[in-house]
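Remarks on the structure that follows.
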Amino acid sequence: MDNKEYETMKIENILERLSKSKFRTSFHLKNKDMDYIDKKGLDVINDHARDFIYKRLSPAVIPNEGKQTPTKNHPVFIAQHATATCCRKCLYKWHKIEMNKELSKEEQEYIVKVIMKWINREYNY
């Protein structure tokens with residue numbers, strides 16, 4: 001199994017685990033989110049996800065840890081809560097990504113892939 005296959009399997013596994021959480025499954029894209037995706041396109045949403053993760057989650061120390069991700073007003077924010085990629089504590093609990101260290105490029109890309117996989121699933125229902 002190559003790295004890409006392993007990562008895909010890992011993402012499927014985490015999404016399956018998250019689907020058993022009452023809290024995580026309470027998040028869904030609303031019509032306005034779908035309209036925003038229609039208007040911007042998934043490539044732009046992916047760019048937004050990459051930017052949000054870099055700015056809000058990748059630093060080793062986050063002054064407003066646990067409160068850095070709003071719960072509405074952008075499809076990526078909603079996806080972050082649904083996928084437990086909203087703060088470093090959730091990243092550690094669900095994804096086993098260490099706290100108190102800067103996220104590597106690989107970790108950032110993994111997080112973006114998880115978010116986009118969830119958005120694609122929601123968007124295509």
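How much net charge surrounds His28 when only the other residues with a Cβ under 13 Å from the Cβ of His28 are counted, with Lys and Arg +1 and Asp and Glu -1?
It works out to a net charge of +3.
Select from Gly66, Met1, Val44 the residue farthest towards the positive end of the dipole of the chain; place +1 on Cβ of Lys and Arg, -1 on Cβ of Asp and Glu, and compute about the Cα centre.
Going by the Cα projections, it comes out as Gly66.
Contact order normalised by length for the chain, with contacts defined as Cα pairs under 8 Å and 6 or more residues apart; what percent is it?
Once normalised by length, the contact order is 32 percent.
At a Cα cut-off below 15 Å, give the aspartates and glutamates reachable from Lys39, other chains included and same-chain residues fewer than 8 away excluded.
The qualifying aspartates and glutamates are Asp47.
Tally Lys/Arg at +1 and Asp/Glu at -1 over every other residue whose Cβ is under 10 Å from the Cβ of Ala82; what's the total?
+1
Considering every pair of different Cα atoms, what Kirkwood radius, in Å, is found for the chain?
Result for the chain stands at 14.6 Å.
Students sometimes get this wrong: rank His48, His28, His95 by accessible area, probe 1.4 Å, all chains present, largest first.
Descending order: His28, His48, His95.
Size of the dipole of region 70-109 about the Cα centre, Lys and Arg at +1 and Asp and Glu at -1 on the beta carbon, nothing else charged, in debye to 20?
My answer is approximately 220 debye.
Return the carbon/sulfur percentage of the accessible area of the chain, one whole number, probe 1.4 Å, all protein chains in place.
Exposed carbon and sulfur together represent 52 percent of the surface.
Using a 1.4 Å probe and counting only protein heavy atoms, arrange Lys30, Lys67 so the residue with the most accessible area comes first.
Lys67, Lys30
Averaged per residue, what accessible surface does region 48-89 expose to a 1.4 Å probe, in Å²?
Ligands and nucleic acids excluded, the result is 46 Å² per residue.
Roughly how much of Thr8 is accessible, in Å² to the nearest 10, using a 1.4 Å probe?
Accessible area, nearest 10 Å²: 70 Å².
Give me the dipole magnitude in Debye, nearest 20, for the chain about the Cα centre, with unit charges on the beta carbon: positive for Lys and Arg, negative for Asp and Glu.
600
Taking R0 as 30 Å, what FRET efficiency do you get between Lys32 and Asn100 from their Cβ-Cβ distance, rounded to the nearest 0.05?
0.25
The values are calculated or read from the model by the stated rules, or taken from the named source; none is laboratory data. Source: prediction; values computed, not measured. Positions of Cβ are backbone-derived with ideal geometry, glycine not excepted, and every protein chain shown enters the neighbour counts. The area values use the complete protein model at the heavy-atom level, side chains included, leaving out ligands, DNA and RNA. Shrake-Rupley method; radii C 1.70, N 1.55, O 1.52, S 1.80 Å.
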